[in-house]
Structure formats: C-alpha cells, structure tokens
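Heads up: the structure comes next, in structure tokens.
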Amino acid sequence: MNQIKNIVFDFGGVIVTLDHQNAVREFARLGLKNADTILNPYTQGGIFGELELGHLSAEDFIGRLGELCGRKLAHEECLHAWLAYRKELPERNLQALRNLRKAGYRLILLSNTNPFMMQWASSPQFDGHGHAVEDYFDSVYVSYRVGVMKPDQAFFRHVLMEEQIAPSETLFVDDGPRNVAAASELGFNTYCPENGADWTREITNHLRRQAYDLHPESALTTR
C-alpha cells in the first residue's frame with residue numbers, strides 16, 4: 001500500500017453541484033431542438049464535444065449553435081446557458097480543499113469543460129470572495145486545453161506525465177462511473193460520489209485510515 005500524496009478532483013458534480021436539467025432548459029430557450037438528447041451530464045458530443053475538446057473556439061461554437069437554433073446568438077446568451085449547469089458551490093467543499101492543502105496533499109483539478117464555464121471558474125466571482133478556482137489547486141487540467149476528454153485514458157496519462165506523480169499515490173474523485181473505471185485501470189485509487197454528495201467526510205476518513213495503517217505510531221499527530 002502506497003501513501004496517498006495527490007488528490008485529483010473532477011470539477012462539475014464534485015466541486016460544483018450540477019443541474020443538468022436546468023442547462024437543458026436554458027439551451028432549449030435559445031432555440032436548440034432536442035436539447036435533452038444532445039446534452040450529456042458527463043461527456044459531451046456533437047458541437048458541445050468539439051468545444052470541450054478544443055476543436056471549436058468559443059466564437060466558432062456560438063456560430064455553430066446559432067445555426068442549430070436558427071438565429072444569431074450573442075456570447076452572453078451562450079455563457080448564461082452554460083452557467084445554468086451550476087446549482088451550487090458548497091462552502092464545505094472549498095473548506096475541505098483548503099484543509100487538504102494545509103495537510104500537505106497536492107491537489108489537481110481534472111475536468112471535461114469549456115471556455116464558457118472557465119470564464120466564470122477562473123474569475124474572482126468563482127467563490128464569491130474574490131478567488132478563482134486556480135487558487136484552490138496546485139494544477140488545473142481542462143479538456144479543451146489538453147485536447148482530450150475523460151474517460152479517455154490519455155487524459156489521465158497526460159496529467160501523470162506533467163505532474164510526475166504515481167497513480168498508486170493518487171486518489172481520483174469523480175462522479176462519473178466511466179471516468180472512475182478508466183482511472184482505476186491505470187492504478188489510481190478512486191472514489192465516486194454522486195453529483196452534489198458531501199464527499200468531504202468520506203475522503204478525510206479514508207486518508208486518516210490509510211495514514212494509520214501505514215504509520216500507526218504517528219498518524220494521530222502528522223495529519
């Protein structure tokens with residue numbers, strides 16, 4: 001058993017609680033037909049997937065989406081629709097991230113996402129206190145910049161190579177079962193909470209149990 005030193009978090013569904021149906025309604029209001037079948041809670045397809053893979057820029061996506069909706073769309077309209085995915089950003093999650101970093105864990109964000117969501121996440125409006133998501137993590141990897149999406153294992157390998165970390169020393173937390181399965185095959189420790197579930201206590205207890213198993217004489221004082 002190797003000691004966990006790194007924790008890789010998914011963004012939507014883990015850090016931020018998602019409301020898939022609300023996003024479907026907002027894209028339908030833009031004029032997108034069959035929005036409920038086009039949009040996917042975990043891995044997007046079509047032009048939405050092209051955007052999250054970085055194959056389409058934000059402006060190109062707006063143009064392509066406008067064609068599907070039958071009218072010209074503004075950036076703010078598309079931004080509003082994408083941000084409808086946000087349900088809440090629980091303070092307990094942010095506090096847990098602060099505590100984990102203080103305890104010495106390296107925190108990494110690994111997300112299938114797009115420029116619209118990151119326009120908000122990378123801004124001081126993210127947590128409501130002037131901090132962007134990058135302020136809570138040591139590294140951030142997003143699909144549209146890397147050019148690959150989970151559950152493709154190439155995304156995980158990219159992070160392992162860039163960070164120079166071992167999967168056996170890394171815990172991966174994601175609400176997508178297929179993503180967790182892909183990471184597990186590469187040797188990651190994994191945890192799959194449901195969208196919006198309180199994962200903070202479970203992870204803390206898991207890390208404490210592991211620390212005790214490895215170093216019972218010092219686990220109570222080191223972390």
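The values are calculated or read from the model by the stated rules, or taken from the named source; none is laboratory data. Since the structure is predicted, the reported quantities are computational estimates derived from the model, not experimental observations. Don't worry about glycine lacking a Cβ; one is built from the backbone with ideal geometry, like all the others, and counts go over all protein chains shown. We work out accessible area using only protein heavy atoms, side chains counted, and drop any ligands, DNA or RNA first. Shrake-Rupley method; radii C 1.70, N 1.55, O 1.52, S 1.80 Å.
Tabulated values for the structure
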{"quantity": "Residues being over 19 Å from residue 63 (Cα atoms) and open to solvent by 50 Å² or more (accessible area, probe 1.4 Å) - total across region 23-52", "calculated": "6"}
{"quantity": "Every pair of residues 6+ apart whose Cβ atoms lie under 6 Å, when the first sits in region 168-185 and is farther than 21 Å from residue 16 by Cα while the second is assigned to a helix (DSSP H, G or I) and not aromatic (Phe, Trp, Tyr)", "calculated": "182/153"}
{"quantity": "Candidate set from region 165-207 (those that are in a strand (DSSP E or B), out of contact with any Gly (no Cβ under 9 Å at 6 or more places or on another chain) and open to solvent by less than 10 Å² (accessible area, probe 1.4 Å)); member that is farthest from residue 152 (Cα to Cα)", "calculated": "171"}
{"quantity": "Any chance residue 206 is farther than 19 Å from residue 12 by Cβ and either in contact (Cβ under 8 Å) with a residue 12 or more places away in the chain or among the polar types (S, T, N, Q) (or both)", "calculated": "yes"}
{"quantity": "All helices (runs of 4 or more DSSP H) inside region 98-164 with 1 or more residues being under 23 Å from residue 185 (Cα atoms) and in contact (Cβ under 8 Å) with a residue 40 or more places away in the chain", "calculated": "143-146, 153-163"}
{"quantity": "Meets criteria (at pLDDT 95 or above and open to solvent by less than 20 Å² (accessible area, probe 1.4 Å)) for residue 97", "calculated": "yes"}
